[in-house]
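Novice: Okay, handing you the structure first.
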Amino acid sequence: GENVEQHPSTLSVQEGDSAVIKCTYSDSASNYFPWYKQELGKRPQLIIDIRSNVGEKKDQRIAVTLNKTAKHFSLHITETQPEDSAVYFCAASNLGGNEKLTFGTGTRLTIIP
Amino acid sequence: DAGVTQSPTHLIKTRGQQVTLRCSPKSGHDTVSWYQQALGQGPQFIFQYYEEEERQRGNFPDRFSGHQFPNYSSELNVNALLLGDSALYLCASSRGGYEKLFFGSGTQLSVL
């Protein structure tokens, strides 16, 4: 089955700097890659997702890039703010095929004021 | 418009007991997925229900079972509880599959 690895497990950045979180996946048939943000004690929330027919997607300060050949995708957060502090999870799915959404182990992002 | 609601929010059980967790999907959603999230880990897929049938299942034993009702709400049942079943159980709803899952706040299960 699909295996998703996520790095780093913890990340601290100065407020205003950029943060990058990377994930690799094992199943070349995976075609859907969402990112979820989970604040302490709260539910995971979808922040951005990308399908394999595009290489990059941006939504304000958040962007995701996908390299299908290398089987890795990354989350980029620019101009970080204290409210960006949370645990971020990447995930992968083969929509239309095996489908089930497999999550990475998470990255705890801390924004230092 | 209510999002995904789960009940109860917290539950304490002892080994060997049985537990039922409940989930109501977001309005307009017809598919419910259940995930187990151990402390410090990512959510692990248990199973997904669509049209009142289990459509897909993860690597969980038969002690984990579920149900979906005609109104799309769902239950997760766990029999013969083990200490290792202690976790946050998340329900997520969607329209037909795994795209744009909307999660509930979860049920924190503690097995003593």
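The values are calculated or read from the model by the stated rules, or taken from the named source; none is laboratory data. If you're wondering where the values come from, they're calculated on a predicted model, not measured in any experiment. Glycine gets a Cβ as well: all are built from the backbone with ideal geometry, and neighbour counts include every protein chain shown. Areas reflect the complete protein model, heavy atoms only, side chains present, ligands, DNA and RNA absent. Shrake-Rupley method; radii C 1.70, N 1.55, O 1.52, S 1.80 Å.
Novice: How far apart, in nm, are two points set 7 Å out from the Cα along the Cα-to-Cβ line at residue A:39 and at residue B:13?
Specialist: So the two model labels end up 3.1 nm from each other.
Novice: Quick one: net charge of residue B:15's neighbours, Cβ under 14 Å, K/R +1, D/E -1? Kindly include the intermediate steps, with their values, before the conclusion.
Specialist: Numbers: positive: B:13, B:63; negative: B:85.
It works out to a net charge of +1.
Novice: Just to confirm, what accessible area per residue do you get for region B:1-51 at 1.4 Å probe, in whole Å²? Could you put the intermediate results ahead of the total?
Specialist: Details: 2520 Å² over 51 residues.
Per residue, region B:1-51 has an accessible area of 49 Å².
Novice: Something else now. Which trypsin sites (Lys or Arg not before Pro) in region B:1-47 pass both tests, a DSSP loop state and at most 13 other beta-carbon atoms within 10 Å? Show your work: numbers first, answer last.
Specialist: Numbers: sites: B:13, B:15, B:22, B:26; in loops: B:15, B:26.
Those satisfying the criteria are B:15.
Novice: Straight distance only, please: which aspartates and glutamates reach the Cα of residue A:57 with their own Cα at less than 12 Å, same-chain residues fewer than 8 apart left out?
Specialist: Cross-link targets: A:49.
Novice: Just tell me the longest site-free run in chain B, where the sites are GluC sites (Glu not before Pro) in a DSSP loop having at most 15 other beta-carbon atoms within 10 Å. Can you show the working numbers first?
Specialist: Values: sites that count: B:51, B:52.
Here the longest run is B:53-112.
Novice: Under a crude label model (7 Å from the Cα following the beta-carbon direction), how far is residue B:30 from residue A:67 in nanometres?
Specialist: Label at residue B:30, label at residue A:67, 4.0 nm between them.
Novice: So for A:80, A:102, A:10, what's the accessible-area order with a 1.4 Å probe, most first? Intermediate values should be presented prior to the final figure.
Specialist: Numbers: A:80 5, A:102 30, A:10 95 Å².
Ranked list, largest accessible area first: A:10, A:102, A:80.
Novice: Follow-up question, since we're still on this one. Determine, at each q value in 0.08, 0.13, 0.15 (inverse angstroms), the log₁₀ of I(q)/I(0) that the Debye formula gives when each Cα of the protein assembly as shown is one equal point scatterer.
Specialist: Log-scaled intensity ratios, in q order: -0.29, -0.76, -0.99.
Novice: In region B:42-112, how does Rg compare with the Kirkwood Rh, expressed as the Rg/Rh ratio over alpha carbon atoms? The partial results should precede the final answer.
Specialist: On the way: Rg = 12.4 Å, Rh = 13.1 Å.
So for region B:42-112, dividing Rg by the Kirkwood Rh gives 0.95.
Novice: Let me ask another. Over chain A, give the accessible area per residue in Å² for a 1.4 Å probe, as an integer. Walk me through the intermediate numbers first.
Specialist: Working: 5500 Å² over 113 residues.
Computed with neighbouring chains in place, this is 49 Å² per residue.
Novice: A further question on this structure: Beyond a 18 Å Cα-Cα separation, which of these cross-linked pairs lie in this structure: A:100/B:13; B:26/B:100; A:37/A:58; A:22/A:42; A:42/B:13? Write down the numbers at each step before the final one.
Specialist: Values: A:100/B:13 29 Å; B:26/B:100 12 Å; A:37/A:58 16 Å; A:22/A:42 23 Å; A:42/B:13 22 Å.
With Cα atoms farther than 18 Å apart: A:100/B:13; A:22/A:42; A:42/B:13.
Novice: Moving to a separate point now. Return the loop-located GluC sites (Glu not before Pro) in region A:41-113 (DSSP other than H, G, I, E, B) with at most 12 other Cβ atoms within 10 Å of their own Cβ; answer none if there are none.
Specialist: On the way: sites: A:56, A:79, A:83, A:99; in loops: A:79, A:99.
Those that pass, being in a loop and sparsely packed, are A:79.
Novice: Now for a separate question. Counting only other residues whose beta carbon sits under 14 Å from that of residue B:60, what net charge do I get with K and R as +1, D and E as -1? Before the final figure, lay out each step's value.
Specialist: Details: positive: A:100, B:57, B:63; negative: B:54, B:62, B:85.
Here the count lands on 0.
Novice: While we're on this one: How far apart, in nanometres, would the label points at residue A:110 and residue B:38 be if each is projected 7 angstrom from Cα along the Cα-to-Cβ direction?
Specialist: Modelled inter-label distance: 2.4 nm.
Novice: May I ask for the percentage of alpha-carbon pairs in chain A that lie more than 20 Å from each other?
Specialist: Values: 2267 of 6328 pairs.
Percent of Cα pairs beyond 20 Å in chain A: 36.
Novice: Let me ask something additional. Defining a contact as two alpha carbons under 8 Å apart and six or more residues distant in sequence, what relative contact order in percent does chain B show?
Specialist: Values: 299 pairs, mean separation 41.3, N = 112.
Relative contact order for chain B comes out at 37 percent.
Novice: For region A:19-85, what does the relative contact order come out to in percent, with C-alpha contacts under 8 Å and a separation of six or more?
Specialist: Working: 107 pairs, mean separation 23.1, N = 67.
Relative contact order of region A:19-85: 34 percent.
Novice: Continuing with this model, one more query. If each residue of separation counts as 0.36 nm, what is the full-extension length gain between residue A:46 and residue A:17 once their alpha-carbon separation is subtracted? Don't jump to the answer; show the numbers that get you there.
Specialist: Working: separation 29, 0.36 × 29 = 10.44 nm, distance 2.23 nm.
Gain on extension, residue A:46 to residue A:17, equals 8.2 nm.
Novice: Roughly how many percent of the accessible protein surface of chain A is carbon and sulfur, given a 1.4 Å probe and a whole-percent answer?
Specialist: Details: 2510 of 5500 Å².
Within chain A, the accessible surface is 46 percent carbon and sulfur.
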